[in-house]
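Below is one structure, written out as structure tokens; comments come after it.
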Amino acid sequence: MIPIKTNEEIKIMREGGLILAKIIDQLIEEVVSGISTFDLEILARQLIKEYKVESAFFGYLPDTSSGSNQIGYPAVLCASVNNEVVHAIPSKTKILRPGDIVGLDCGIKYKGFYSDMSKTVGVGKIFPEAKKLIKITEEALMRGIKKIKDGIHLGDISEEIQNYAEQNGFSVVRDLTGHGVGRKLHEPPVVFNYGVKDTGPILESGMILAIEPMVNAGGSDVKELANRWTIVTADGSLSAHFEHTVLVTKRGSEILTQK
Ligand code: MF3
Ligand code: CO
């Protein structure tokens, strides 16, 4: 069952989404050569405190972790550099250098409801290929979002994202997905970044989705590092990630994580 939000819940998620958009944008403004990804974590913690919201990520354990030795996520921010796809734990020894690309992913809880957002940016001057990867990933997200309205199939979004990334010579990660979001960080449905139109559940207004293409410059395969969190590309190629929390409406959609 995909939860349908009431107008009151949507109002809360609109406010929470706006706060998260401000947090992500303030973090992006601080991205500069010479800082560590842990410096960004510190700033994210300050902003979360200032806006009087809670971290959605700190201590997070996936439902699938029971019986595994995985630890709760130890930070409020994921800061994934270059070949790191998602879920890279901020580190004092991970120093950003010119030419790097960094994906900043943050989630908050506000008045009982979650929002989830990510953006990827370059550090200083980056190679044209990296610039293209970032642009195409963001455009894939926006094109997927433009498909949304009451009555479409979820697969319509997935197919659009996959086609756009692949037409541009890149590949989409298949082992990780977007998701519904609301009273929990991860709710049904699973939002694949690949698929076939006219398949999957039919969207209805009031559903809220976190859509998050992860696009690799090389192959689609990924692997998990020994810390049980960080996901990297199997072939070492660059990866970019963009994510918005989006409301399905009668005529289209509304991006909640936007200023
Ligand atoms: N945006 C990521 C996701 O939806 C965040 C994962 S939660 C974390 O999967 F705690 F692992 F960061
Ligand atoms: Co997410």
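Here is how the numbers come out for the structure above:
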read-out	value
Mean Kyte hydropathy of -1.0 or more with a Cα span along the axis of at least 30 Å, helices from DSSP in the chain	7-29
Equivalent ellipsoid semi-axes, region 48-102, via Cα gyration tensor eigenvalues times 5, rooted, Å	23, 18, 9
D221-K131 FRET efficiency (beta carbon distance; Förster radius 25 Å; 0.05 resolution)	0.60
N168-Q258 FRET efficiency (beta carbon distance; Förster radius 35 Å; 0.05 resolution)	0.90
The chain - mean residue ellipticity at 222 nm from DSSP helices (-39,500 (n - 2.57) per run, n ≥ 4, rounded to 500)	-9500 deg cm²/dmol
Relative compactness, region 107-204, computed as alpha-carbon Rg over 2.2 N^0.38 Å	1.18
Fully extended contour minus Cα-Cα distance, from S65 to I95, at 0.36 nm per residue	7.8 nm
Net lengthening on full extension, R228/E204 (0.36 nm per residue, minus Cα-Cα)	5.1 nm
Share of alpha-carbon pairs per 5 Å distance bin for region 5-101, given as whole %	3, 11, 19, 21, 18, 14, 9, 4, 1, 0
Whole-number D in µm²/s for the chain (Stokes-Einstein; Kirkwood sum over Cα pairs; 4 °C, 1.567 mPa s)	71 µm²/s
Protection-proxy order for peptides 191-202, 56-67, 98-109, 245-256, each taking the mean of Cβ atoms within 10 Å per residue, highest first	98-109, 245-256, 191-202, 56-67
Sparse-neighbour loop sites [trypsin sites (Lys or Arg not before Pro); region 35-70; at most 11 other C-beta within 10 Å; DSSP]	K52
Cβ-derived FRET efficiency at R0 25 Å, R183 paired with K250, nearest 0.05	0.65
Centre separation in Å (Cα based) which lies between region 1-37 and region 185-234	18 Å
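Read-outs: derived from the displayed coordinates by stated rules, not from any lab. None of the values given here were measured: they were computed from a predicted structure. Neighbour counts run over all protein chains shown; Cβ positions are idealised from the backbone, glycine included.
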